[in-house]
Amino acid sequence: MRKIVAGKLHGIHVTEANLNYHGSITLDPDHCEAAGILPMEFVEIWNKNSGARISTYVILGERGSRCCILNGAAARTCQPDDQITVCSSIYLDEAHITSLKPRIVSSTRTTTYSTA
């Protein structure tokens, strides 16, 4: 089994950091659906501004809001306007890797990549 990128929100901007909330990242459902990221799914977050890398789970915010809110302890790793990448992954056996088509959503477009 290998851990492979399944979906990614690339270059989105943090809209809020809420220290006084249970840990997680709140994301616009439109962004999550485009990248194939599910509510309560664990994701990796990479902060381009600070270099911080964390793991947390996704909760859905208001549809169409373009929100990206780091909550609880995660709020200490990102500031509003920081550019981040949110990455989901799955485990696949090697026989199925070539059939995976990761969905990459950047701040300007959605792209589906083939691993073949």
Net charge (Lys, Arg +1; Asp, Glu -1) of residues whose beta-carbon lies under 15 Å from that of SER65, SER65 excluded, is -3
Computed ³J(HN,Hα) along the stretch 28-36: with the Karplus parameters 6.51/-1.76/1.60, θ = phi - 60°, integer Hz and x for glycine or proline, the list is 4, x, 4, 5, 4, 4, 4, 9, x
³J(HN,Hα) across the stretch 57-73 via Karplus (A = 6.51, B = -1.76, C = 1.60, θ = phi - 60°), whole Hz, x for Gly/Pro?
10, 9, 10, 8, x, 7, 4, x, 7, 6, 6, 8, 10, 8, 10, x, 4
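How much of the DSSP beta bridge set in the chain is antiparallel, as a percent to the nearest 5?
Details: 26 of 36 bridges.
Rounded to the nearest five, the antiparallel share is 70 percent.
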Any idea what the relative contact order of the stretch 2-112 is, in percent, if you count C-alpha pairs under 8 Å spaced at least 6 apart?
45
Quick one: Karplus J couplings for the stretch 89-103, per residue in order, coefficients 6.51, -1.76, 1.60, θ = phi - 60°, nearest Hz, x for Gly and Pro?
9, 9, 9, 10, 7, 4, 5, 9, 4, 5, 8, 6, 10, x, 9
Straight-distance crosslink candidates among aspartates and glutamates, where the alpha carbon sits under 19 Å from LYS3 and sequence neighbours closer than 8 are dropped
GLU41, GLU44, ASP93, GLU94
Positive minus negative residues near LEU27 (Lys, Arg vs Asp, Glu; Cβ under 13 Å)
-3
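Once the other residues with Cβ under 12 Å from the Cβ of ALA75 are scored (Lys, Arg +1; Asp, Glu -1), what is the net sum?
Around ALA75, the surrounding residues sum to -1.
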Distant-in-sequence amide H partners of ILE59 (H built 1.01 Å from N, under 5 Å):
ILE25, THR26, LEU27, MET40
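Where a number appears in this text, it was derived from the coordinates with a stated rule and is not lab data. The shown structure was predicted, so the numbers you read here are calculated from the model rather than taken from an experiment. Neighbour counts run over all protein chains shown; Cβ positions are idealised from the backbone, glycine included.
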